[in-house]
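S.K.: Quick one: this structure, given as structure tokens, is what I'll be asking you about.
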Amino acid sequence: MKFIKRILIALLLVIAGIVLLNYPKLNIISGFASKNMASSRFIAHRSVESVNANDHNVPMIKLADIKVHENEVAATVYGLMERKSVCRDGLGCILVNDDFDINEINYRPNRTKLENGLPFPYGDNGTKDTIFENVDYQQLQKAIDGAFANAEVQKTRTVLVSYKNHILGEKYAAGFTKDTPILGWSMTKSVLATLFGILQHQGKLSMDYQPFKELELTGLVGKDPREIIPLDDLLRMQSAMEWDEDYSSISDVTKMLFMASDMTKSQINTDYTLNSPKVWNYSSGTSNLLSGILRKHFKSHQEYLDFPYSALIDKIGMHSMLIETDMAGNFVGSSYGWANTRDWAKFGILHLNKGHWNGEQLFNPEWIDYITEPTAQSNGTYGAHWWLNAEGKYTDVPRDLFSANGYQGQYVFIIPSKELVIVRTGLAETPEFDVNKFISEVIKAIK
């Protein structure tokens, strides 16, 4: 009997140890489940059953118990660590803490609907019915179908191929249409970078601008050493500020996305010294820091909220796009941009055309040269908040490809030498979804 008691005590101690080690992770699990369900339900208008069966059917997240109410979602794990998300018009869904007062949200961005009667991409009046003699449409359809061939593995949701500003082909998995907003995750970073390109074009800043001189920092005595960091280093993610971009643990990025009330301050609170090496280090914290820097460029919060829409998003008719905010009212420029597949394609076409949109220049044509210049020590894979193929990461694809990439395989590929923009969204990336094969098969269709 004593032996059995000892075994039971040992088991209880092991269980207690496991609970203590993993209890903090429940914050992340219930936080992700609450936030993703809220946004998927109230922005993308997907069913609770679909989100649970697909998006949340992964280890740990599927443990969450989710309750959906009107404009609000709550999630727990075995009844523990409840997290709530609330949704507001124009702002998306916000993962909140106990100190958050929903009544303090008395703002939203002003939106303008573009009504010009034009077809895609310059309007929403259908698509141009154009046949290109140099396009092998059978090969193109084969390439598009190939992205959906193994649904359980590839998990592709939508694909669109645009050539010379015309839609050549598009396809949508069951439950998704051309109107379904898709979370771009880190594709939002490229949208954020474009806003700085627009400000540069307007003569309001340059890449050697030192933004830390204007930020309210953390009470350091004397001059802050980060004041020497130029905007260029932040856009290239080579600021030398420490950051841990690990989504599998409680790290800088998960604490920011699922615990911080003001995400623009997360990167500021990491270590930095003048002796730190300037190396490329991918950081969502840097992107949200840039969102805070963007806010400092406007006299009011309302002007900040309006700018992305008036200067870019609504300007090019991306009316399905919404960038969600954090509890402090900052755009979550690292991760939370939603748009339907055609609108993501419009964003790519704007960059294919070097900022020229229906007779207007939104940013300098040279901005494309800037964002596609490889950042040192990135092995030719990263520019200024855009991904590159400069060193041939995709071996069968032109080196001039650059792309907005997001978690789980969200992509807007731009290939200037082929005049192509390709959008692919889904729940899987390399190796489950073979990017190199997919793009190369599309390119084969262009003679």
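S.K.: Which helices (runs of 4 or more DSSP H) does the stretch 277-379 wholly contain that include 1 or more residues that are over 25 Å from residue 258 (Cα atoms)?
M.R.: In the stretch 277-379, the matching helices (runs of 4 or more DSSP H) lie at 301-308, 341-352, 366-371.
S.K.: Here's a check for you: in the stretch 120-131, which residue that is surrounded by fewer than 15 Cβ atoms within 10 Å (Cβ to Cβ) and not hydroxyl-bearing (Ser, Thr, Tyr) is farthest from residue 418 (Cα to Cα)?
M.R.: Result: 125.
S.K.: Can I ask one more? Exactly one of these conditions fails for residue 369: (1) touching an Asp or Glu at 6+ places or on another chain (Cβ under 6 Å); (2) closer than 30 Å to residue 166 by Cα. Give me its number.
M.R.: (1) is the only condition that residue 369 fails.
S.K.: If you don't mind, another one. Is at least one residue of the stretch 148-161 in contact with a strand residue (DSSP E or B) (Cβ under 6 Å, 6 or more places away or on another chain), at pLDDT 95 or above, outside the structural domain of residue 417 (by TED's automatic domain parsing) and over 24 Å from residue 361 (Cα atoms)?
M.R.: Scanning the stretch 148-161, I find no residue that is in contact with a strand residue (DSSP E or B) (Cβ under 6 Å, 6 or more places away or on another chain), at pLDDT 95 or above, outside the structural domain of residue 417 (by TED's automatic domain parsing) and over 24 Å from residue 361 (Cα atoms), so the answer is no.
S.K.: On the basis of being part of a helix (DSSP H, G or I), in contact with an Asp or Glu (Cβ under 8 Å, 6 or more places away or on another chain) and either modelled with pLDDT under 95 or hydrophobic (A, V, I, L, M, F, W, C) (or both), does residue 33 make the cut?
M.R.: Considered against the rule, which asks whether it is part of a helix (DSSP H, G or I), in contact with an Asp or Glu (Cβ under 8 Å, 6 or more places away or on another chain) and either modelled with pLDDT under 95 or hydrophobic (A, V, I, L, M, F, W, C) (or both), residue 33 comes out as no.
S.K.: Out of 58, 68, 73, I need the residue that is touching a residue at least 12 places away in the same chain (Cβ under 8 Å), aliphatic (A, V, I, L, M) and surrounded by fewer than 21 Cβ atoms within 10 Å (Cβ to Cβ). Which one?
M.R.: Exactly one residue qualifies, and that residue is 68.
S.K.: Can you tell me how many residues in the stretch 391-419 are more than 20 Å from residue 186 (Cα to Cα), in a loop (DSSP other than H, G, I, E, B) and of a type outside the set (D, E, K, R)?
M.R.: Count: 4.
S.K.: Given 391, 373, which one is surrounded by fewer than 20 Cβ atoms within 10 Å (Cβ to Cβ), free of Cβ contacts under 8 Å to residues at least 12 places away in the same chain and charged (D, E, K, R)?
M.R.: 373
S.K.: While we're here: Would you be able to tell me the number of residues in the stretch 306-321 that are among the aliphatic types (A, V, I, L, M) and surrounded by fewer than 23 Cβ atoms within 10 Å (Cβ to Cβ)?
M.R.: Residues in the stretch 306-321 being among the aliphatic types (A, V, I, L, M) and surrounded by fewer than 23 Cβ atoms within 10 Å (Cβ to Cβ): 3 in total.
S.K.: I've got another one for you. Output the residue which, of all residues in the stretch 250-282 that are of a type in the set (Ser, Thr, Tyr) and in contact with a helix residue (DSSP H, G or I) (Cβ under 8 Å, 6 or more places away or on another chain), is modelled with the lowest pLDDT.
M.R.: 273
S.K.: Give me a count of the residues in the stretch 407-433 that are without any contact (Cβ under 8 Å) to a residue 40 or more places away in the chain and closer than 24 Å to residue 152 by Cβ.
M.R.: Looking only at that region, the number is 3.
S.K.: Let me ask another. Take residue 262 and tell me if it is free of Cβ contacts under 8 Å to residues at least 60 places away in the same chain, surrounded by fewer than 20 Cβ atoms within 10 Å (Cβ to Cβ) and more than 30 Å from residue 124 (Cβ to Cβ).
M.R.: no
S.K.: Is there a residue in the stretch 423-441 that is in contact with a helix residue (DSSP H, G or I) (Cβ under 7 Å, 6 or more places away or on another chain), surrounded by fewer than 21 Cβ atoms within 10 Å (Cβ to Cβ) and not in a loop (DSSP other than H, G, I, E, B)?
M.R.: Yes, the conditions are met somewhere in the stretch 423-441.
Conditions (1) under 23 Å from residue 159 (Cα atoms); (2) under 21 Å from the mean Cα position of the chain (by Cα), marked per residue:
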{"residue": "346", "(1), (2)": "yes, yes"}
{"residue": "360", "(1), (2)": "no, no"}
{"residue": "372", "(1), (2)": "no, yes"}
{"residue": "384", "(1), (2)": "no, yes"}
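S.K.: What's the number of the condition residue 161 fails, among (1) in contact with a Leu (Cβ under 8 Å, 6 or more places away or on another chain); (2) in contact (Cβ under 8 Å) with a residue 60 or more places away in the chain; (3) more than 23 Å from residue 339 (Cβ to Cβ)?
M.R.: In the conditions (1) in contact with a Leu (Cβ under 8 Å, 6 or more places away or on another chain); (2) in contact (Cβ under 8 Å) with a residue 60 or more places away in the chain; (3) more than 23 Å from residue 339 (Cβ to Cβ), residue 161 misses (3) alone.
S.K.: Go through the stretch 394-422 residue by residue and tally those that are touching a Pro at 6+ places or on another chain (Cβ under 6 Å) and either surrounded by fewer than 23 Cβ atoms within 10 Å (Cβ to Cβ) or in the same structural domain as residue 54 (by TED's automatic domain parsing) (or both).
M.R.: Qualifying residue count, the stretch 394-422: 2.
The values are calculated or read from the model by the stated rules, or taken from the named source; none is laboratory data. Just so we're clear, the structure is a prediction, and the values are computed from it rather than from any experiment. In this analysis, Cβ positions are derived from the backbone assuming ideal geometry, glycine residues included, and neighbour counts consider all displayed protein chains.
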